[in-house]
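The values are calculated or read from the model by the stated rules, or taken from the named source; none is laboratory data. Not measured: the values here are computed from a predicted model. As a convention, Cβ positions derive from the backbone with ideal geometry for all residues, glycine included, and neighbour counts pool all protein chains shown. The accessibility values were calculated without ligands, DNA or RNA, using every heavy atom of the protein model including side chains. Shrake-Rupley method; radii C 1.70, N 1.55, O 1.52, S 1.80 Å.
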Amino acid sequence: PAQRRRANHVPLPAWLKREAPVGKNYHQIKSDLAQLKLNTVCVEAKCPNIGECWGGTESGTATATIMLMGDECTRGCRFCSVKTSRNPRKLDENEPLNTAEAVARWGLDYVVLTSVDRDDLNDGGASHFAKTVHLLKEKSPSILVECLTGDYQGNIEHVSLVANSGLDVYAHNLETTERLTPYVRDRRAGYRQSLGVLERAKQTRPEIVTKSSIMVGCGETFEEVIQTLTDLRSVGVDAVTIGQYMRPTTKHMKVHEYVHPDQFQQYEEEAKKAGFKVVASGPLVRSSYRAAEFYLKNLVREDQPAPP
């Protein structure tokens, strides 16, 4: 079996290799997360940018994407490394406050909140999300908050609850093209359902920034990606990220192709032509990639009304 695995192994191209994470900020965030029993999508989804985001740079603050409502998801998408459970653990009632305290301690000016899918909860965890945003804004009034949510099984009232929580950016990932959605995502997810989530968020609060993300390398065509971008713009989405799908383990769906950086450049140009205000496109770009956050931070502040 080991010889067979080696024979079938496709080596990563040079543009997908990263250095091991280091730095004071990285270790501080890792320590705080463990102490407060908080999860991050950075760890659970095995993000290749964890060193860059947690470590920060001379020109930007460190960033972590907090994953709310535990580390067990009620869905089983074929690309995702987060654990699946039909009966995940009960919500931690202290999590919203712990999250707000941790973020305040780090001194961030932009934070991303996401979550596992919790189809076992009546509201899918929307009220838990909203409470966390309220407490974040209470402890850090100037912080900008992005919420990357699930689809709440298409319940648009739950979408509105989160959109009205005080967040600045509402994100929900389409993940892939319409044709590949049944193959890539859990059967309870839907391409049109996800577009409906993004549309409702924008309808609820037209002034907020809406955002989505697409993976490539799953077997899609160039034309299908362009159609996906067109569909996102048709429901008013402002920002999009496009990145390479990377197989977390051999139990997950295979990578169809490693897309060349030049192709990502083409996608970026097409997205800008389609009218997106913010585009981050590259092999290592992820939904919450810090480069996108830099531009989103400026976009949100530009769109905010001037004080009287």
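Data table
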quantity: Tally of residues being surrounded by fewer than 17 Cβ atoms within 10 Å (Cβ to Cβ) and out of contact with any helix residue (DSSP H, G or I) (no Cβ under 7 Å at 6 or more places or on another chain) across the stretch 225-249; calculated: 5
quantity: Subset of the stretch 124-148 (residues that are in a helix (DSSP H, G or I) and either of a type in the set (A, V, I, L, M) or under 27 Å from Ser85 (Cβ atoms) (or both)); calculated: Ala126, Ser127, His128, Phe129, Ala130, Lys131, Thr132, Val133, Leu135, Leu136
quantity: Residues satisfying the stated conditions in the stretch 100-123, i.e. assigned to a helix (DSSP H, G or I), of a type outside the set (A, V, I, L, M) and farther than 16 Å from Glu146 by Cβ; calculated: Glu101, Arg105
quantity: Scan of the stretch 160-188 for residues that are of a type in the set (A, V, I, L, M, F, W, C), in contact with a strand residue (DSSP E or B) (Cβ under 8 Å, 6 or more places away or on another chain) and in contact (Cβ under 8 Å) with a residue 40 or more places away in the chain, ordered by number; calculated: Ala163, Leu167, Val169, Ala171, Leu174, Val184
quantity: Matching option when the condition is open to solvent by 10 Å² or more (accessible area, probe 1.4 Å), in contact with a Cys (Cβ under 7 Å, 6 or more places away or on another chain) and either closer than 29 Å to His260 by Cα or of a type in the set (Lys, Arg) (or both), among Arg185, Arg179, Arg200; calculated: Arg185
quantity: Restricting the stretch 146-159 to residues that are of a type in the set (Asp, Glu) and in contact (Cβ under 8 Å) with a residue 40 or more places away in the chain, the residue that is farthest from Val111 (Cα to Cα); calculated: Asp151
quantity: Sole exception among (1) closer than 24 Å to Leu144 by Cα; (2) free of Cβ contacts under 8 Å to residues at least 24 places away in the same chain for Glu269, by number; calculated: (1)
quantity: Residue within the stretch 208-227 that is under 20 Å from Asp123 (Cα atoms), touching a Lys or Arg at 6+ places or on another chain (Cβ under 6 Å), modelled with pLDDT of 95 or more and of a type in the set (Val, Ile, Thr) present; calculated: no
quantity: Unmet requirement for Gly219, which otherwise passes all of (1) part of a loop (DSSP other than H, G, I, E, B); (2) under 19 Å from Leu167 (Cβ atoms); calculated: (2)
quantity: Lone qualifier among Ser127, Ser160, Ser194, Ser165 - being surrounded by 21 or more Cβ atoms within 10 Å (Cβ to Cβ), out of contact with any Asp or Glu (no Cβ under 9 Å at 6 or more places or on another chain) and not aliphatic (A, V, I, L, M); calculated: Ser165
quantity: Search result, residues across the stretch 256-290 that are of a type in the set (Phe, Trp, Tyr), closer than 23 Å to Gly236 by Cβ and modelled with pLDDT under 95; calculated: Tyr289
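Okay, residues lined up against (1) closer than 19 Å to Lys297 by Cα; (2) part of a loop (DSSP other than H, G, I, E, B):
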site	(1), (2)
Gln153	no, no
Arg179	no, yes
Tyr183	no, no
Arg187	no, yes
Arg192	no, no
Leu198	no, no
Pro206	yes, yes
Met215	no, no
